[in-house]
Amino acid sequence: MHAETSVDIWATPAKVWKTLVDVERWPTWTKSVSQAELLSSAGLAVGARVRIRQPRLPVLDWEVIGFESESRLAWTASRPGVATTATHQLRANEQGATTVVLSIDQKGPLAGVVGLFTSGLTRRYLE
């Protein structure tokens, strides 16, 4: 399954990035995350782990696999039969805003079955 959305935010990439990487505050600005806990003492960087609790979904530990300051954050989480990768990309646009693109990809032998049951919820959470 692949799902993707984008939004323009009227702030600089630096300001948007600062909010994005403050993962423990996500529950204050999105209803799709009820708790986020940074499990790595060194902060958010490649190899860091974050435990995310979302309504109606199992708790997952995400591992950062890509981190380009003010540009891109990618992480992955696995459960039996399904590996999920989420990517957050930021870029300044011509209108002076920052375009944020969020994508989710699920792969594995059970990805199709899981997608049947969760694709609608996943798309709502992306929005």
Helix 111-126: inclination vs the chain longest Cα principal axis, degrees, rounded to 10, gives 30 degrees
Exposure ranking of GLU68, GLU4, GLU127 by accessible area [1.4 Å probe, largest first]: GLU127, GLU4, GLU68
Simple spin-label estimate for GLU68 and GLU94 in nanometres, 7 Å along Cα-Cβ: 2.2 nm
Loop trypsin sites (Lys or Arg not before Pro), the stretch 37-117, which have at most 10 other Cβ atoms in a 10 Å radius of their Cβ (DSSP): ARG56
So, for the stretch 12-127, what is the accessible surface per residue at a probe of 1.4 Å, expressed in square angstrom? 57 Å²
Inverting the mean 1/r over all pairs of different Cα atoms, compute the Kirkwood radius of the chain and quote it in Å. 15.1 Å
Given a 1.4 Å probe and every protein chain left where it sits, what share in percent of the accessible area of the chain is carbon and sulfur? 53 percent
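The values are calculated or read from the model by the stated rules, or taken from the named source; none is laboratory data. Worth saying up front: this structure is predicted, and the values here are computed from it rather than measured. Here Cβ is always computed from backbone atoms with ideal geometry, including for glycine, and neighbour counts include all displayed protein chains. Accessible surface areas use protein heavy atoms only, side chains included; no ligands, DNA or RNA. Shrake-Rupley method; radii C 1.70, N 1.55, O 1.52, S 1.80 Å.
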